[in-house]
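For reference, the structure discussed in these notes is given below.
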Amino acid sequence: MRTLLFSILLLFFTQVAEAQITVTSITLNGNLKTQNDIILRELSFEENKSYSNEDLTKKIEESKANLINLKLFNFVEINKNENKDTVQITVDVIERWYIWPYPIFEISERNFNTWWKEFAANNYSDFSRLNYGLFFNWENFRGRNELLKLKIRKGFKEHYLLAYEVPYFNKNKTIGINTNLGFFQRKKTHYATDNNSLQYFESDNFNSIDYDLNTEIVYRNNIHQKHKIKFTYLKSTVSDSITILNPNYLGNSDTTAELFNIRYVLEHEKRDYSIYPLHGYALSFEIKKYFSSDVHHFELLTKSEKHIEPFNRFYIGSSFKTKYSTKGNQPYFMQKALGYGDYVRGYEYYVVDGQRYWLSKTAIKYALIEKTYFEIPYVKMKQFKKSHYALYLGVFSDLGYVLNEQPKNTLNNSLLWGKGIALDYVTYYDKLLRIEYSINRLGEKAVFLHFSSPF
């Protein structure tokens, strides 16, 4: 009996072991600008290696998501041609347009909703809070997924930027470097927060000037994980009027401050589409240390994000983000919490400052129109000819809490809750439009417009 059982088990495992398929070739098509190494680096499978059919199918889907998240291609298709125990794989891509010299005409506010509210309050006639200029953005520079940026922005908030990003420069394609040099000038500077709103000092001349230099070393030890070490130098100068209005604006009563910080970041990315994910998860961890005569505290930031499809065309997404900082002198301009890049939906008109906070976001949505492909008539350039769109209807609920050791506003040290419904439109070139109807804990109801992912 034992012999028979052993023989059956041996036969079973032998069949499983033999159910392998070898990748004999990988053919790339459509990458007229992008070098082969950039694409091959993102593939989870390799030539002359064997996989089970199930494992290879998963790796193909994973590789497709990796290539999409490079943001170099509008469309990616990976097909396999099987022949008994071998398979030939073809990767077809449609490249994007990479050189973007375009004019700048933008609002000078935290978001579109705050600008529109103030614009309406001035009878739709105040165009002073606008910026204009030129932004030259060369993506996939030299076909190596490098990024070159040059920005010249005039107007209410001037910004000059030169940036260069290199994904890797070593033989193993694991170490990259990013660097940028920026210069800001503002005629309108927020110097304090009162009644959960930013208070501005406005003048005919520029009243705040910032110089910043950033250098970042990136180590990508595998397809899904990155380690970053970033060095930042910031020199900030403000007018006497601002330090009189808020002596703690720069952490002391001086009009000039120099800050240096170093940070370490760990990122683990396994989402299907980082701009508007429907499946997968992402994790990040960041620790930052400041060095100056007055500022020398630590900051710790974490974020987790998860997206699933429990039923066909139904999706659930959630994220949880925290910021913790040690005690110590913190200038006002460094105490940004919610209402800037992060916010609880329904509180777009408010800002909440503090040294620590947490933010939870949850959304349940249904695909009214799943991802649909179409060709644009009369357009001959392949970078623009083929497009796609999708439409999602959902409900959401956000929770947040900001701890401020010296609370000065009613939203500090209290639970923030916002809920509502959203209609999301997603199309190619990472364009996203969200229309949301939100209700917050204060009982306020409003419609908000956004152009980025809520997570």
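The values are calculated or read from the model by the stated rules, or taken from the named source; none is laboratory data. Just so you know, these numbers come straight off a predicted model, no measurement behind them. Neighbour counts run over all protein chains shown; Cβ positions are idealised from the backbone, glycine included. Please note that ligands, DNA and RNA were not included when accessible areas were found on the heavy atoms of the full protein model with its side chains. Shrake-Rupley method; radii C 1.70, N 1.55, O 1.52, S 1.80 Å.
In the context of the full protein assembly, LYS303 retains an accessible surface of approximately 60 Å², using a probe radius of 1.4 Å and ignoring ligands and nucleic acids.
The mean sequence separation of alpha-carbon pairs under 8 Å and at least six residues apart, normalised by the residue count of the chain, gives a relative contact order of 9 percent. Of all DSSP bridge pairs formed entirely within region 145-188, close to 100 percent run antiparallel. In region 55-108, one over the average inverse separation of all distinct C-alpha pairs is 13.7 Å, which is the Kirkwood hydrodynamic radius. Relative to the longest principal axis of the Cα atoms of the chain, helix 2-18 runs at roughly 60 degrees.
FRET efficiency for the TYR425 to GLU375 pair, using the beta carbon distance and R₀ = 25 Å, is estimated at 0.85.
Just to confirm the number: angle between the C-alpha axis of helix 53-68 and the first principal axis of the chain, 0 to 90 degrees, nearest 10? Around 30 degrees separate the two axes. Per residue, the average separation of C-alpha pairs within less than 8 Å and at least 6 apart gives region 174-306 a relative contact order of 18 percent. The heavy atoms of LYS445 offer some 130 square angstrom of accessible surface to a 1.4 angstrom probe.
Rounded to the nearest 10 degrees, the angle from helix 112-121 to the longest Cα principal axis of the chain is 30 degrees.
Within the full protein context, the accessible area of THR362 is estimated at about 50 Å² for a probe radius of 1.4 Å. Both the radius of gyration and Dmax for region 228-296 are 18.2, 51 Å, in that order, over alpha-carbon atoms. Each Cα pair under 8 Å and six or more residues apart adds its separation to the average, and for region 364-455 the resulting relative contact order is 21 percent.
Counting only protein heavy atoms and a 1.4 Å probe, the chain has 53 square angstrom of accessible area per residue. Counting every pair of alpha carbons in the chain, the share spaced more than 42 Å apart comes to 24 percent. Other residues with beta-carbon under 14 Å from the beta-carbon of ASN252 carry, at +1 per Lys or Arg and -1 per Asp or Glu, a net charge of -4.
Among the trypsin sites (Lys or Arg not before Pro) within region 47-86, those in coil by DSSP and having at most 13 neighbouring Cβ atoms inside 10 Å are LYS49, LYS84.
Net charge of the neighbourhood of PRO454, taken over other residues with C-beta under 13 Å away and scored Lys/Arg +1, Asp/Glu -1, is 0. Eigenvalues of the alpha-carbon gyration tensor of region 336-455, scaled by 5 and square-rooted, set the equivalent ellipsoid semi-axes at 36, 15, 10 angstrom, largest first. Taking other residues whose beta carbon is less than 10 angstrom from the beta carbon of GLU299, and scoring Lys, Arg as +1 and Asp, Glu as -1, yields +4. The helix-only estimate of mean residue ellipticity at 222 nm for the chain, built from DSSP H runs of length n ≥ 4 each weighted as -39500 (n - 2.57), is -3500 deg cm²/dmol after division by the residue total.
Across PHE311, PHE298, the residue with the most accessible area heads the list, and the full order at a 1.4 Å probe is PHE311, PHE298.
Counting only protein heavy atoms and a probe of 1.4 Å, the accessible surface of the chain is 58% carbon and sulfur.
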